[in-house]
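The structure appears right after this line, and notes come after that.
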Amino acid sequence: MNRYKTPLRYPGGKQKLAPFVAEVMIGNGLIGGHYAEPYAGGAGVAIELLLNGTASHIHLNDSCSAVHSFWKSITSETEEFCRRVSRASLNVREWKKQREILRNRGEHSPLDVGFSMFYLNRVNRSGILSGGLIGGLAQEGEWLMDARFPRAELIRRVENIARHKKRIHLRNWDAERFITDYLPRLPKQSLVYCDPPYFDKADRLYLNHYQPEDHRRIAKVIQKVKLPWIVSYDAAPDILKCYSRRRAFIYGLQYNAQKAYVGSEVFFFSDRLKIGGASAVKAIDAVLAGGKLKLASHAMKLMAA
């Protein structure tokens, strides 16, 4: 449990990629600079970069009010949040209560909403907020709802993040607005990492997801960003087409969304960003060593072959 720094579980969570993103920052003279995520979610990469000193400030945006409430709560009401973690009942009755808070979040305080989001994220299958309870309502089987709720470890993570709250900047904006209005305020020594909702099966994984036209529109917006940027996605042909003139590589990433899954993921890079020939992330190292950093249009041809 201790290898991750974020308290949240996220389907397709990218915390395993933090070493690669750190390598990009180091290789481009961005170490000690700012780091921004328009689609923060569990912010696994951002928190890792902040805590290990690669980034001096992180800027986390999420259009989902429940996600924003979580990050706001742990940084501004840390003691009360941790108290709730330590005392939370792990039973079906409490699960139903927290589910109702999330469903009716306009009627509750940001702390209540933030905690309900966290609670459901930890006790639902694969951390999917709209998913079912681990062990089901009957609480039968090998894994029950407490399987992913190690109180002491989760409190340690929250408190560790809260110590750096002055270097964590939060927004609850639409991603397009964050990209166009907020990113230009950041210093030149910044890296932007965009990890939009997956193109395929997104409705199963996220409270907020895009339609195909949304993906096409946001791709145009991202590619106008003046700061160095990277984008990650599921390697859908439609997405490769959106970024066809950008350098990219496809690699395998395993995540768990109710069952172990190895999917094809793609990284896209802004034109002037330097990408090394090796990485501490094995799946990416294999791709870079094979010289597979090509224009996305080339990757499309390989997929179609």
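Answer yes or no as to whether VAL85 is farther than 30 Å from ARG185 by Cα and not charged (D, E, K, R).
Yes, satisfied.
Of the residues that make up segment 22-41, is at least one crowded, with 21+ Cβ neighbours inside 10 Å, of a type in the set (Ser, Thr, Tyr), closer than 19 Å to ALA162 by Cα and out of contact with any Leu (no Cβ under 6 Å at 6 or more places or on another chain)?
Within segment 22-41, not a single residue is crowded, with 21+ Cβ neighbours inside 10 Å, of a type in the set (Ser, Thr, Tyr), closer than 19 Å to ALA162 by Cα and out of contact with any Leu (no Cβ under 6 Å at 6 or more places or on another chain).
Only residues that are under 25 Å from SER63 (Cα atoms), outside any helix (DSSP H, G or I) and either of a type outside the set (Gly, Ala, Ser) or not assigned by TED's automatic domain parsing to the domain that holds ARG87 (or both): list them for segment 108-164, please.
Those that are under 25 Å from SER63 (Cα atoms), outside any helix (DSSP H, G or I) and either of a type outside the set (Gly, Ala, Ser) or not assigned by TED's automatic domain parsing to the domain that holds ARG87 (or both): HIS108, ASN124, ILE128, LEU129, LEU133, ARG163, HIS164.
When the residues of segment 262-287 are narrowed to those that are assigned to a helix (DSSP H, G or I) and in contact with a strand residue (DSSP E or B) (Cβ under 7 Å, 6 or more places away or on another chain), which ends up surrounded by the fewest Cβ atoms within 10 Å (Cβ to Cβ)?
By that ranking, first place goes to ALA283.
When only residues in segment 151-168 that are touching a residue at least 12 places away in the same chain (Cβ under 8 Å) and surrounded by fewer than 16 Cβ atoms within 10 Å (Cβ to Cβ) count, which is nearest to ARG87 (Cα to Cα)?
My answer is ARG151.
Restricting to segment 181-197, name every residue that is surrounded by fewer than 14 Cβ atoms within 10 Å (Cβ to Cβ) and not in a loop (DSSP other than H, G, I, E, B).
ASP181, PRO184, ARG185
Those residues that are within 18 Å of GLY132 (Cβ to Cβ) and buried (at least 19 other Cβ atoms within 10 Å of the Cβ), I need them from segment 67-115; list them, please.
Residues satisfying the conditions are TRP95, GLN98, ILE101, LEU102.
The values are calculated or read from the model by the stated rules, or taken from the named source; none is laboratory data. Keep in mind it's a predicted model, so treat the numbers as computed, not measured. Virtual Cβ from ideal backbone geometry, glycine too; neighbours counted across all protein chains shown.
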